[in-house]
Structure formats: C-alpha cells, structure tokens
Amino acid sequence: MTGAGSMDGSPQSSLGGEIRGVDAVTGEALEPAFRAATLAEVDAACARAEAAFDRFRATDPQTRARLLEAIAENLVADGEAIVARAMRESGLPRPRLEGELARTANQLRLFAGVVRDGDYLDLRVDPALPDRKPAPRPDLRLRNVPLGPVAVFGASNFPLAFSVAGGDTASALAAGCPVVAKAHNAHPGTSDLAGRAIAKAVEALGLPDGVFALLFDADVAVGQALVAHPAIRAVGFTGSRRGGLALAAIAQARPEPIPVYAEMSAVNPVLLLPAALAARGREIAPAFVAALTLGAGQFCTNPGVVVAIEGAALDGFLEVAAGALAAAPAATMLTSGIHGAYCAGVAALEGHADIARVAQGQAPAARQAQAALFATTAEAFLRDPHLQAEVFGAAGLVVRCRDAEELRAVVASLEGQLTIAVHADADDYPLAAALLPQLERKAGRIVFNGFGTGVEVGHAMVHGGPFPATSDGRFTSVGSLAIRRFLRPVSYQDLPEPLRPPGLRAQPEAGFPRRTDGQP
C-alpha cells in the first residue's frame, strides 16, 4: 500500500484530504494515509469509465468471464495481506474474514459462469410474418444491454464481500459496466488492496483503463459528486437508511435520474408460531442468541425482533435466551461511530416506558459493545413505529402477543425486510399458510425453522426486499439475479443481418441461448 488511490491502478495526486485506517481494537491510526480524491479526479474517473464503456461492453463473454476469474485469483493470491489488514481495520476475527474472502472470490466466479451461460441477455426472436392477416408482423429481436458506468459504494460491515471487489462490482462488470468504486473509510487499506487486485486483472487482459477506478473520500463530497456525475448510470450501495436515501435524492434530482440500488435497514423479524414454540422453544432460544450476536450483531440479516404469543412456552424461550445472552462476550464493533450509534440505540430501548430489559451480555471493555435483549407488548409495538427502528448490533426486542390475531396484526404492521424467519411445526401450518401472503409482501427472503444470517451465493437467492430494506424491492444484491440491476432491454425491429449483434443473428450461436416465438 502506498496511500495512493487507484484510478486505473496508477497513483492519484490528490489534495482532497487524508483518510487513515484505524485499528478497531486499540483505536490506533494505521499507516499509510490515503489521499482523498478531488472533484476534478472524480470527474476524470467518470469520464474514463464513460470512454471505456462501449469497448468494454462489446467484449466477448469469454473475456469478461476471464476478467472476473482473474480478479478472484488475484484476491486469493494476496489473501494473507488482505485478511491481515482487514482484521486490524474491522476487528473481525481471521476465520470470519478468510471465509468472507473465499465468498468474494466465489461470487466473482459465479458471475463468470453467468456471463458464459448467456441467459442474462434474455435473447428473444420473433421472426417476421409477412403474410400474417390483417397486418404483417415485423422481425423483432430483443436483448439486454448494460446501463453504463456504475458507482459502487463499499459497505462497512463486509470489508470484502460487499465492498470494492464485492457483489455489486462483480455483477456490474459481468453485465459489461465499468465500475467507479468509493472505498469505505472504515477499511481504506483493505479497499486499496482489493482495488489493486481488480486493476491488475484489467491491465493483464488488455482492457481499457477506465473499466475500474477506486476513489477515497475524506467526507461525503466524493460520493455525492459520483452519484451526480452524468457518466454514472446506476449506483450500488449497502449501508444506512439515511445514507441510501441521501444518494437516492441526488440521483433523482439529476437532469436524467438514475437507479440507486440501496440496501439500507431491516430488523429481520422471527415469528415463533405456537406449536413450534411449545415443542422447541428452549432449543430455538440459544440458536436465536447465536444469530443475534454473530459478528457483534453487525449483519444486515441480524434477527432484531422476535414475535410470539405470550404464555409458558414463550417464558421458557426467554429464560433460555436470557441465560445464553448473559454468557455472550462483549465484542469489538467495526468503527467508533457504529459503536456509538449502537450504545445510543440500546439506551433508547432502556429508557422506553413500554420496554423491559430481559438480559444483557457480559460487561464490555473499551470500544466493545454489550449484547442486550428486551421485551414489549404487541399493543406498544403497534402504537409506536419507532420500535421497528434498526439498532445495528446485538440488540433484540421480543414482542409479546395476546393471541394469533394480534400476531397477525404485528406482521401486517412491519416495514419491508430483507428476511423474515418462521419457526413452525406441522400443527402451525394453517397459521403459517394464512401468514404467507403477508410475509411475501414484507420480505425478500422467507426462512423456515432457521435464521436469515448466512446468505447463500447462488441462483435462487434474493438479498433484497421492500422499502426500507432496499430502495427497490424488485432486485437482489446477492446471487446471479443481481446482474439484472445493471441491464435494460432493447428491441430491434427489422434490423439487417449484417448489423445484428451476437446472439440475434439468423443462425443460433453457442453461448447465446434464446427464445424464438417464446419457445427455447
């Protein structure tokens, strides 16, 4: 690391301020200092991305797939340095970060496969019917094309999988979109190393140098300028609701608005249905506490709310959960800002007249957070919308319902969520079936007899959900469907054969699956 940002792999000369990584455990400032981009450099990075766009999107599938695989190889080759730096900047343990590095590489390889398969192009051909009555049908051919340069904002809680080389970057590059990434200030050194892995792959394959750029930001000016820049055609963001809405407002205020795909906030409710609670409540409780406290609760799928019908079974669940939580060690949080916000959120719950504390974890040392579990009534939860607010960290709220009708009312009141978990036994299936249509309206992923933590990277995964979980619940930021965010359909009518793009020519081509008259 040199402290220079990588706008194509070369050092920036910047007067935009300095950013330093901070040791999450000790608070020590880390070397080197990273130079923030100036607004002129933001403009240059975006202009280079725009200049590279047409050439990059015209690359053949094999070249783009090799790019993604080369990035994965570079990350793995530099894995020891990346993990070591991420451990210091995030406070996360080595096994967690080694797993996250593997996940990041696997995401890139997944999208290499997506590009080679060609299904994402959604190729369709409706051949001309000149003799059709009462009017002939023209020749129609359709494919998805990339939107253009994409701005990617690194997330604080996943310094690898949701950051510079994470899923947003992988899916945008797979779609044929150049990426201008903004490093998160919580892990600038980790971001720099990941950015160099990408830039090295771009250079090795002889691709245009504007295909990737990495910018650092001392405050918010670079991010704001990035979203406002006319060359940027879409934004990928993972972070707070406040941050996501601010970027969306900038994007919508542009002369030509652009989509912002923002993952923002969720409390990921857990529904304990009566039969399961009675039969397995004491078994579910420690698993819930493990999910609540995983990674100091700093997962976007952290289960922050439990909803159940009051009675002896719920009391048993709470008894076991309280014991498990009391044994939970305090944990270092990602940044001092996140730690402060967590402490403020817990204090607000402590001071709420309708909330009682059930248990808390072991006492924290400096810069650590103490897990906490609270309880309230469904009546209070329905009366005060603020009780749905996310407390980012290991704090949970149990909502006691008087009966199934009140439980359904609580579910109906929920905001949009990334996940909703349902613990149900066979006797609960009628209630679960009645709830399912409402759950589909509330969440992007419905988990049965488990918890939302642990997001599989695959073809059937949805990591998204109705607002405010995300800014656009039609899309996912994890899994192969994430590529759809950065594509749009174009239909060609009576396009001459010499001008037809690959996959839409007269004869079918390998690697370009298509439908003809709606048939594969």
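So, VAL289, is that one open to solvent by less than 30 Å² (accessible area, probe 1.4 Å), of a type in the set (Val, Ile, Thr), within 22 Å of ALA421 (Cα to Cα) and outside any loop (DSSP other than H, G, I, E, B) or not? Yes, satisfied. Of note, GLU73 satisfies the criterion of being open to solvent by 80 Å² or more (accessible area, probe 1.4 Å), out of contact with any strand residue (DSSP E or B) (no Cβ under 8 Å at 6 or more places or on another chain), at pLDDT 95 or above and not aromatic (Phe, Trp, Tyr). All of (1) open to solvent by 40 Å² or more (accessible area, probe 1.4 Å); (2) over 20 Å from ALA409 (Cβ atoms); (3) of a type in the set (D, E, K, R) hold for GLU263 with one exception: (1).
Filtering ALA482, ALA506 for residues that are over 13 Å from the mean Cα position of the chain (by Cα) and either farther than 16 Å from VAL411 by Cα or at pLDDT below 95 (or both) leaves a single hit, ALA506.
Listed by position, the strands (runs of 3 or more DSSP E) inside region 303-414 whose residues that are more than 18 Å from ALA287 (Cβ to Cβ) and open to solvent by less than 50 Å² (accessible area, probe 1.4 Å) number at least 2 are 372-377, 395-401.
Scanning region 449-458 for residues that are surrounded by 12 or more Cβ atoms within 10 Å (Cβ to Cβ), closer than 29 Å to GLY113 by Cβ and out of contact with any Gly (no Cβ under 7 Å at 6 or more places or on another chain) gives GLY450, PHE451, GLY452, THR453, VAL455, GLU456. The residues of region 55-70 that are of a type in the set (Gly, Ala, Ser) and either open to solvent by less than 40 Å² (accessible area, probe 1.4 Å) or touching a Phe, Trp or Tyr at 6+ places or on another chain (Cβ under 7 Å) (or both), listed by number, are ALA65, ALA70. Considering region 482-499, the residues that are assigned to a strand (DSSP E or B) and open to solvent by 90 Å² or more (accessible area, probe 1.4 Å) include one that is farthest from THR470 (Cα to Cα), namely GLN493.
Residue-wise test of (1) of a type in the set (Phe, Trp, Tyr); (2) under 20 Å from PHE216 (Cα atoms); (3) open to solvent by 20 Å² or more (accessible area, probe 1.4 Å).
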{"residue": "GLY27", "(1), (2), (3)": "no, no, yes"}
{"residue": "ALA40", "(1), (2), (3)": "no, yes, yes"}
{"residue": "PHE53", "(1), (2), (3)": "yes, no, yes"}
{"residue": "ARG85", "(1), (2), (3)": "no, yes, yes"}
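Filtered by the rule that a residue be charged (D, E, K, R), under 14 Å from ALA183 (Cα atoms) and open to solvent by 30 Å² or more (accessible area, probe 1.4 Å), region 197-237 gives a lone residue, ASP219.
The values are calculated or read from the model by the stated rules, or taken from the named source; none is laboratory data. A quick note: this is a predicted structure, and the numbers were derived from the prediction, not measured. Reconstructed Cβ throughout: ideal geometry from the backbone, glycine too, with neighbour counts over all protein chains shown. The accessibility values were calculated without ligands, DNA or RNA, using every heavy atom of the protein model including side chains. Shrake-Rupley method; radii C 1.70, N 1.55, O 1.52, S 1.80 Å.
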